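Enquirer: Okay, here's the structure, questions in a sec.
Every number here is computed from the coordinates shown, using simple stated rules; none is lab data. Not measured: the values here are computed from a predicted model. Neighbour counts are summed over all protein chains in view; Cβ atoms, including those assigned to glycine, are modelled from backbone coordinates with ideal geometry.
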Amino acid sequence: MPVPTSVSPYSTTLHADRFRSLHRLGILCALAAGAWLGGAEAPAKLVSAGFSPFAISLCMVCGVFLARWTIPIAFKGTPHVFRDLHAKPHLLVWAVLAGALWAVANTLTIFAIRDVGLAIAFPLWNTNCLIGLFWGWFLFRELQGAGARTWARVLGGAVAIVLSAVMLSAASVHAGLTTHHRAVSGVLAALGAGLIWGTMYIPYRKAYISGMNPLSFVTVFTFGELGTMLLLALTLHARGVSLISELTALRPSIFWLFLGGFCWVIGDLFQQYATKYIGISRAIPLSNTNQLWGLAWGVLVFGEFAHMSASVRALVYAASAIMIAGALAITSASASAKEQDSCRSAIARECARYNLNLQQTLQTYSGNDPASPSTAKRPWWDILILVAALAVFFWLAIGVRLPPIAANHAWAIFLIALMLALFAACTWLLRKQTRFS
């Protein structure tokens, strides 16, 4: 079947009329994603107490699994989710693949945090924006038709991100917190996570230019991540102690790991909406402001810089500032009319390939899902699922104790309050402008 290269004037007008407001919404979603993704990694500091990275990652993924079902059901309900999945069955395998990639990358981040600390590991795995930038251009026609000024901002930002990653690698080796061997392994683990996470956005973008709702996509995504994480934990866990024994020892802290997984899903959902409305090449760099939040948690809450020399500390701060400047340069490169036309051509290509309704897909991509009624009666099992999720958290809260690591609780409360404020603002705007479509 030939691939159409243009769309009807009505479709073009529909997309253009809402582009500016959705672009602003996508930017806000990416910023909120940065806050929640940064905060979600804080419980991973339990690895510094001697627990297995596989056991910690497994608990976080279980929390992710719980959240990926309850949040979509709370916002849209199971009838809408299943109707969306049934209309686009070809995307199910892509969602499972994305989940599997996420589980591997998340496990690598646990090793990175153990070996080089949260404040240093965060910026290193945020090199995923370079990978996402390439795939967005190569596969989905992002930046095609962009002018020289836009390309200069994007390429300049990419060079800044690479430079900052090199600086942070040097800081981790000379910080004096770990041995050279452990620092190198931590750097490699963080960079590997960035590579995998950047590639993971291919299924994301493919789903959204096909008209799938982010809330529907994540419900299938979670099967890939949970299955892969179970496989990793059962086959690679080798510490002389059984996985069950590790989980038993972790029992008083599992609540925090589940909560971290839940927070990660909130951040990931905001990032997915950002990916839908401003594309991979812009959403990933802007959501990578999570490194500021990771730095804040690592420095203010966990005191990771307490024993660093002033020169190493200055190097980390400078590298973080350079990386953020590069990300902002990429994000400030707004899409031109030609680039928007290129995006619509990519949508038309997906519709032709999978026999989708082009008009409906363009409407859904523009935040006007025609299959999403404003009011709908919820089935009884929706309530049952939400109650079951709350019951799991209540059960985990029984006997919970503060993690056996030093932390500044006043700073932790302050950062959590900021995260909740961003959540409220962004959720309200998503509901007002798109009804979470």
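Enquirer: Starting from the amide H of GLY145, placed 1.01 Å from N in the peptide plane, find each other amide H under 5 Å away whose residue is 5 or more places distant or on another chain.
Expert: Those lying under 5 Å, H to H, from GLY145: there are none.
Enquirer: Work out the length of the dipole vector of segment 9-434 about its Cα centre, built from +1 on the beta-carbon of each Lys and Arg and -1 on the beta-carbon of each Asp and Glu, and round it to the nearest 20 debye.
Expert: Around 620 debye, computed over segment 9-434.
Enquirer: If you split all Cα-Cα distances of segment 325-437 into 5 Å bins from zero, what percentages do you get per bin, shortest first?
Expert: Going out from 0 Å in 5 Å bins, segment 325-437 shows 2, 8, 8, 9, 15, 15, 12, 10, 10, 7, 4, 0 percent.
Enquirer: Let a ≥ b ≥ c be the square roots of the eigenvalues of the Cα gyration tensor of segment 267-337; is it rounded (a/c under 1.5), or, if not, prolate (a/b larger than b/c) or oblate?
Expert: oblate
Enquirer: For segment 9-434, what is the relative contact order in percent, using Cα pairs closer than 8 Å and at least 6 residues apart in sequence?
Expert: Values: 648 pairs, mean separation 150.3, N = 426.
Rounded, it is 35 percent for segment 9-434.
Enquirer: Using mean Cβ contacts within 10 Å as the protection proxy, how do 324-330, 263-269, 82-88 order, highest first? Numbers along the way, then the final one.
Expert: Values: 324-330: 21.9, 263-269: 25.4, 82-88: 16.6.
Ranking the peptides 324-330, 263-269, 82-88 by packing returns 263-269, 324-330, 82-88.
Enquirer: Can you work out the Karplus-derived ³J(HN,Hα) for every residue in segment 216-228? Use 6.51 cos²θ - 1.76 cosθ + 1.60 with θ = phi - 60°, whole Hz, and x for glycine or proline.
Expert: These are the phi-based 3J(HN,Hα) values: 6, 4, 6, 5, 8, 3, 5, 5, x, 6, 5, x, 5 Hz.
Enquirer: I would also like to ask the following. What list of whole percents do you get for P(r) of segment 59-151, with Cα-Cα distances grouped in 10 Å bins up to the one holding the largest distance?
Expert: Bin by bin from 0 Å, the calculated values are 12, 27, 32, 25, 4.
Enquirer: Can you sort PHE305, PHE393, PHE138 from fewest to most other Cβ atoms within 10 Å of each residue's own Cβ?
Expert: Lowest to highest Cβ neighbour count: PHE138, PHE393, PHE305.
Enquirer: What ³J(HN,Hα) values, in whole Hz, does the Karplus curve 6.51 cos²θ - 1.76 cosθ + 1.60 give for segment 31-40 when θ = phi - 60°, with x put for Gly and Pro?
Expert: Listing the rounded values in order: 5, 5, 4, x, 5, 6, 5, x, x, 5 Hz.
Enquirer: List every residue whose amide H lies under 5 Å from the amide H of ASN357, counting only residues 5 or more places away in sequence or on a different chain, with H placed 1.01 Å from N in the peptide plane.
Expert: Counting only residues 5 or more places away or on other chains, the set is empty.
Enquirer: Also, quick follow-up: Return the single residue from LEU130, LEU31, LEU390 with maximal mean-square fluctuation; model: Gaussian network over the chain, springs between Cα atoms under 10 Å.
Expert: Evaluated over the chain, the most mobile residue of the options is LEU390.
Enquirer: Count of lysine pairs in the chain with Cα atoms under 20 Å apart, counting only pairs 8 or more residues apart in sequence or on different chains?
Expert: Eligible lysine pairs with Cα atoms under 20 Å apart amount to 10.
Enquirer: Once both labels are modelled 7 Å past Cα along the beta-carbon direction, what's the ALA421-ALA74 spacing in nm?
Expert: Placing both labels 7 Å along Cα→Cβ, they lie 2.1 nm apart.
Enquirer: Same structure again: If I compute Cα extents along the principal axes in Å from the structure I just sent, which labelled value in (i) 66, 48, 36; (ii) 62, 55, 39; (iii) 68, 52, 42 lines up?
Expert: Label of the calculated value: (ii).
Enquirer: Another question about this same structure. Quick one: ILE71, ILE385, ILE161, fewest Cβ neighbours within 10 Å first, how do they rank?
Expert: On the way: ILE71 21, ILE385 17, ILE161 27.
Placing the least packed residue first, the sequence is ILE385, ILE71, ILE161.
Enquirer: Order by neighbour count: VAL116, VAL162, VAL187, fewest other Cβ atoms within 10 Å first, most last. Working shown, then result.
Expert: On the way: VAL116 29, VAL162 15, VAL187 22.
If I rank by nearby Cβ atoms, fewest first, I get VAL162, VAL187, VAL116.
Enquirer: From the residues GLY298, TRP380, MET200, which one has its Cα farthest along the dipole of the chain in the positive direction, the dipole being from +1 and -1 charges on Cβ of Lys/Arg and Asp/Glu about the Cα centre?
Expert: Looking along the dipole axis, the top candidate is TRP380.
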